[in-house]
1. What is the calculated FRET efficiency for B:Phe435 to B:Glu310, with r their C-beta to C-beta distance and R₀ = 41 Å, to the nearest 0.05?
2. Going through the cross-link list B:Lys256/B:Lys401; B:Lys180/B:Lys401; B:Lys180/B:Lys442; A:Lys4/B:Lys265; A:Lys4/B:Lys247; B:Lys256/B:Lys442, which pairs have a Cα-Cα distance over 27 Å in this structure?
3. Name all residues of the range B:433-456 having a backbone nitrogen under 17 Å from the label point set 7 Å from the Cα of B:Ile137 along its Cα→Cβ direction, giving them as ranges.
4. Give the Rg (one decimal place) followed by the Dmax (whole number) of the range B:121-274, computed from C-alpha coordinates and expressed in Å.
5. Give me the inter-chain shielding for B:154-164: mean count of other chain Cβ atoms within 10 Å, whole number please.
6. How many angstrom separate the Cα center of the range B:377-401 from the Cα center of the range B:233-290?
7. If you stretched the chain out fully between B:Lys180 and B:Ile148, how much longer would it get, using 0.36 nm times the residue separation minus the C-alpha to C-alpha distance?
8. Between B:Arg249 and B:Leu226, what FRET efficiency comes out of the Förster formula 1/(1 + (r/R0)^6) with R0 = 22 Å and r the beta carbon distance, rounded to 0.05?
Amino acid sequence: MKIKFVWLAVLLVLVGVFAIGCYTVLMHPQVQGEEEEAIEHSGAYYREHCTDCHGDYHSYPYGYYYGFYPDYYWSNPRWGHYYAYPWWWDRYWWDDDDDADYVPASEEKAERRRGLEPPYVPDTKTPASFINEPASRIEQQPAQIKGEAKPEAAKEQIKEEKPKDEKAQKRRKK
Amino acid sequence: MHSTSHSLCFLDVDVGVDSPEVIYMTGRSLLTIAVVLCLTVFYSFASNAQDLGVVDEATAGNFFGVGARAMGMGGAHIAVANDATALVYNPAGLARMKRIELSGALTHERLNNETGPPYGIRPAVGNPRTATGDGQIQSNTRLGSGAIVLPVPTYRGSLVFALGVNRVKSFDKTMRFSRKDGSYGIESESGGIYLWSLGGAVDISPNVSVGAALNFWDGTDNYSWLYEDWYEDDDLTFKYKYDDTIKDRYSGFNAKFGVRVQPNKFLIIGGTIDSPVTYTIDEDYTQKTDTIFYEPEDYWVRDRYSDKAEYKISLPFSLGLGVGLNFGNLLLASDVHYTDWTQMEYKRLWDMAEANRNIKDSYTDALRWHVGAEYLFPAIGTTLRAGYYQNPLPYQSMWIKEDRDYFTGGIGFLVDQVMTVDLAWVYGSWELNDFDTEIAEKYTTNQILLTTAYHF
């Protein structure tokens, strides 16, 4: 009889975790009013860069903050690649089939294999120190990571950078 | 355990004559029956004696390490498991995995048994029943594990599923003794239980993960017992030999639940609960006895008895707690596991009331504990490991001279960012004194574990 109660308790916990919700997010919530918009990683779509909506993305980038990892995962990229870099961030090839004939140059593939960098953030907006250091080292992080307000000029810079994304331009060649 | 439930059995008795003398068959048959009955009674005693006077359930307290990284660290892995072995040690650790992993392992064990007069007592001078020095070595190479881990893409947190099979219990064992009077016994056992697991883990906060695994236990235990001895008095002299085999097939289900908490970058805490597992055991056994009479006349008797049985045994809850400390490149880990073996229970056994009373009388609760360390040399992609664990025998006995303890060491390599090769060595020893049969048993084991994992 006791066993049945244990199983019932476990079942309730599992249902609670998965049905009611928990910290883990599998799909990005749909933005009201934008349901019909197709998501293209073109550089033009505002949701391509997580920082456009999430001001604290540099502190807690989605899919990037996996608890307190030992420092060596960060300071030694090969260990970081093995343990901490999610497989779904690998961007060796284009995601969509509509450009199947396109073969990236080796430099471009190398660029995508850098690893330990959150996706969809322009290079200029992801401080190198954050990539290589654990988030717990607050004192070593740039000002915007500490939660301070970003300079206005930075926002304007984002808007200017998007059309310059060469990868996105290649995707639009048709 | 040796069951005597009778579902199908047959008894063959062959009688041969080595002497040309004419013998009255009626008298010989009565003598044969009397001796066979005596041997059966003695066999029961001998069987119990070799089982240390308790119901010797091979699955109780039987821990066989999984994974070279874990065993290099003394098996202390509840808090720090972050590979496919988390299915066995703490399913919540799966949540720390971000790459698709395919892994496999081989194990090699060399068990060395030595027997002799019991330690602590002086063998009686001139006593032919005193054991002489003897022993036996048994080596086994087995497939240790195979697993695949599939992390689900997430925007935040972690969701990971895994499927694996791991050899978690080993029945490989041997023992040989001999006495001055020429009698000897050889006990051999081989096999193990594989754990087929389907598990998953999810982050429920930035630093808290929970996980569960559904387990199917499947395995075989092949046991054999060979014993040869003499009986002699003024009227009767005969030699007899047992050659018995027992084959048990185990199957059962249970679940394991785990939690992993990392309150800061230095500390990791893990906890696990193993639900009770009820094994269904299909047993085939054969008892063969050859008896050669010399007095009052020369003839021999061959007795063969086979039977099948099915019974169940339920193993109780098991609780585990682990702590990990991370200091830069140094990782320290410690685990404790608690199981109250007196709650073990036989079911569907015709004499299960007595068997269960023996469990209450003989077994005890046991605390298995592990400590280990891992140091990383990041520049050369190499880790060194060391550990220790104690795995107490789960029953009370004055015959336990030295409990089971193990020293471990290991090394690991990261190959081209996508593959690891880990090697571990485990050395263990324990000693038993059987004062009834005046035999001391000493066991040492050397295990090699080789694990490789590929990350896609």
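1. On the way: r = 35 Å, r/R0 = 0.86.
The calculated FRET efficiency here is 0.70.
2. Violating the 27 Å Cα-Cα cut-off are B:Lys256/B:Lys401; A:Lys4/B:Lys265; A:Lys4/B:Lys247; B:Lys256/B:Lys442.
3. B:442-448
4. Using the Cα atoms of the range B:121-274, the pair Rg, Dmax is 25.7, 88 Å.
5. If you average over the peptide's residues, the count of other-chain Cβ atoms is 5.
6. 20 Å
7. Computed gain between B:Lys180 and B:Ile148 is 6.0 nm.
8. About 0.50, to the nearest 0.05.
Read-outs throughout are calculated quantities, based only on the coordinates presented, and are distinct from any laboratory measurement. Keep in mind the model is a prediction, meaning the values are calculated, not measured. With ideal geometry, Cβ positions are generated from the backbone for all residues, glycine too; neighbour counts draw on all protein chains shown.
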